[in-house]
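Before any comments, here is the structure.
Coordinate-derived values only; no laboratory data. In this text, all values refer to a predicted model and were calculated from it rather than measured experimentally. Reconstructed Cβ throughout: ideal geometry from the backbone, glycine too, with neighbour counts over all protein chains shown.
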Amino acid sequence: MRVIIVGGVAAGMSAAARARRHDESAEIIVLERGPEVSFANCGLPYHVSGEIESADDLLLHTPQTLRAALNLDVRVHHTVTAIDSAAQTVTVSSPAGTERLTYDALVLAPGAVAFAPPLPGLDSPRVRTLRTVADAVALRERVTGGARRATVLGAGFIGIEAAEALRHAGLEVDLVELAEHVLPPLERELAHTVTTELSRLGITVHTGVGAERITHTDVTDTVHLADGTAIDADIVVLSIGVRPDTGFVAEAGIDTVRGAIVVDEHGRTSAPHVWAAGDATASVDAVTGAVRPVALAGPANRAGRLIADDIFGMPAGRPIPRPLGTAIVRVGGVAAAMTGANRASLDAARIPYRTLHIHPNQHAGYFPGAAALHIIVHLGDDQRILGAQITGTEGVDKRIDVLATAMRAGLTAPELIDLDLSYSPPFGQAKDAINMIGMVAENVENDRLRLWYAQDLGAVSEDALVLDVRSRAEFESGHIPGSVNIPHTQLRDRIDEVDTLAQGRPVRVLCGVGVRANIAHRILVGAGFDSASLSGGIRTLRQWLGADATRVLQTGPETAREKEGVPA
């Protein structure tokens, strides 16, 4: 049996290795267009920064080591240009010429290539992408060769990592993102924490604006933005997205959607004896059902392995799981992670949901170094976890992985209360952040907690009495104009004052992160008020407002008009 695999790295090499374990006698040929068939593409930015000193450390295997260990016939610099699925052949171009190879099973794992927009000036020698080892080596050579200024176009995962890497290497860095905030899949309020960390690192962030053109001389480039900003750069990194590298696949008549190969739950394409996996395939989102490529190493590796099982007729027939898109990125001292759907994808799919914001510490508050985790969880009407995002300095990876596991297992949010998680003061709390999500979700489900949200601030300020139950000092450090301050410890004794100020209006309560407001909410409900608590408290509100927080929030004591419950 001859198995031909087009493309190496994650999906292709996983399929090849698994295929060999199934059949020692099979002829397995891997065709890779580039010079490396197995490398750590996720490690590329860390060579640019110098944290991974040698590019050789990025090479996981060579054709020689794969031949010795798995008896694989790996052919680099071999590009597949055509597929004849009826004849079961592929046409291959290599330095030695063009040849046609027959196959019994064909696995397509060509991956993706960097998207290049029609931007004047992209032909500059100082414009690079970051997709291959050669890209990383070239950027590292420019960094060590005296480059002082860099501009990164695109603030997705790779763009963020590239910007951090170049800054770590000592360059002045500008980061440009057309969307309204960096890391567009991240929710707005958490993206603000990433922007704050980028600024702390000394990276200049430009959001809501795109590049119009790049002009260049013999020694430097200038990136011109749509708002008139001109940025001089010795390095320009293009990182505005990728597209499936599937031109030869579509020409063969194999079904694609928006350039991505359509596959079934076993990785089978529309052509017989042809499978596909990795960045070039269209995956079905586990939450929304949207069909799109998911360019992540984990799903690619798992899909390649399961495709080999299907080729060799494994009786289990386990399908390729629909991806949750679990991902994490380091930004200086902060990590940002996500799994499942965000607001935009849920809205696009018209899936009803409600959102929880919590800010628990990553470990016991009395142990040195305690710091907040900023957590957002979206829940369906049935309390199913639809998506989650976290930013913080420690413990982010642990919590996002627990949530991804809970989603895969089909747990509802209240069931998180019962998870038996490890606890020791340096590592967590007796009520872990994950357990806290469950507790808040259960309170909401049982209508013991009603929530209002930062995005509703305008309407709430007009229609309700906003009651801030923090301490006087906290209140004066920044509060909603028109709000009234009654610390939660005084609320029971001053409930008549609330009644006078409310004048029949609803009461919308807030505190620092939501804990004290929940206590106040129960007091108010018990006294007969229409009450709701701000999800995530003033901390989430500040994150939502971002740079506008200093303009929107008021400092100092409440005014006489505010005391009367009338906006100043």
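For the reader, a short list of remarks on this structure follows.
- Inter-label distance, V209 to R318: 5.0 nm, where each label sits 7 Å from its Cα along the C-beta direction.
- FRET E, pair Q455, I328, Förster distance 22 Å, beta-carbon r, rounded to 0.05: 0.25
- Segment 456-472 and segment 94-142 have Cα centres lying 54 Å from one another.
- Only alpha carbons enter this Debye calculation for segment 353-425, each as an equal point scatterer, and the log10 of I(q)/I(0) it gives at q = 0.19, 0.20, 0.23 Å⁻¹ is -0.81, -0.88, -1.11.
- For the chain, the extents of the C-alpha atoms along the principal axes are 88, 62, 43 Å, listed from largest to smallest.
- With a cut-off of 11 Å on the backbone N, no residue of segment 491-518 is near the modelled label site 7 Å out from E476 along Cα-Cβ.
- Cα lying deepest toward the dipole's positive end in segment 127-240, options V223, T207, L130, charges on Cβ: L130
- Point-to-point label distance, A549-F427, nm (Cα→Cβ direction, 7 Å offset): 3.2 nm
- Potential lengthening between D382 and T217 on full extension [0.36 nm per residue; Cα-Cα distance subtracted]: 53.4 nm
- Burial ranking of peptide ranges 190-203, 385-398, 242-255 (average Cβ count within 10 Å, highest at the top): 385-398, 190-203, 242-255
- About the Cα centre, charge dipole magnitude for the chain (Lys/Arg +1, Asp/Glu -1 at Cβ), debye: 380 debye
- Nonlocal amide H pairs with G121, under 5 Å, H built at 1.01 Å: I214
- Prolate/oblate/rounded label for segment 363-477 (Cα gyration tensor, a/c 1.5): oblate
- Taking the DSSP beta bridges with both ends in the chain, the antiparallel portion is around 55 percent.
- Segment 451-563 - share of DSSP beta bridges that are antiparallel (%, nearest 5): 10 percent
- Couplings 3J(HN,Hα) of segment 75-82, computed from phi: 10, 7, 6, 10, 10, 7, 10, 7 Hz, in residue order, whole Hz [Karplus 6.51 cos²θ - 1.76 cosθ + 1.60, θ = phi - 60°; x for Gly and Pro].
- Length-normalised contact order for the chain - Cα pairs under 8 Å, 6+ apart - percent: 11 percent
- Segment 26-55 and segment 254-298: distance between their alpha carbon centers, rounded to Å: 23 Å
- Sequence ranges 51-63, 321-333, ranked by mean other-Cβ count within 10 angstrom, highest first: 321-333, 51-63
- Of the trypsin sites (Lys or Arg not before Pro) in segment 105-198, those whose Cβ has at most 14 other Cβ within 10 Å and which sit in DSSP loop: R148
- Per the Cα gyration tensor, segment 334-391 maps to an equivalent ellipsoid with semi-axes of 28, 12, 7 Å, ordered largest to smallest.
- Separation between Cα centres of segment 144-223 and segment 357-428, rounded to whole Å: 30 Å
- Rounded to 0.05, the FRET efficiency of the A68 and T91 pair, given R0 = 35 Å and the Cβ-Cβ distance, is 0.75.
- Antiparallel beta bridges, as assigned by DSSP with both residues in segment 148-276, represent about 50 percent of the total such bridges.
- Computed packing ranks the peptides 151-162, 491-502, 508-519 as 151-162, 508-519, 491-502, most packed first, by mean other Cβ atoms within 10 Å.
- Label-point separation in nm, E99 to Y366, each point 7 Å along Cα→Cβ: 7.2 nm
- J(HN,Hα) series, segment 332-343, from Karplus relation 6.51 cos²θ - 1.76 cosθ + 1.60, nearest Hz, glycine and proline x: x, x, 10, 10, 10, 9, 8, 8, x, 8, 10, 4
- Hypothetical label at V262: residues of segment 281-304 whose amide nitrogen lies under 18 Å (7 Å Cα-Cβ projection): 281-285, 289-294
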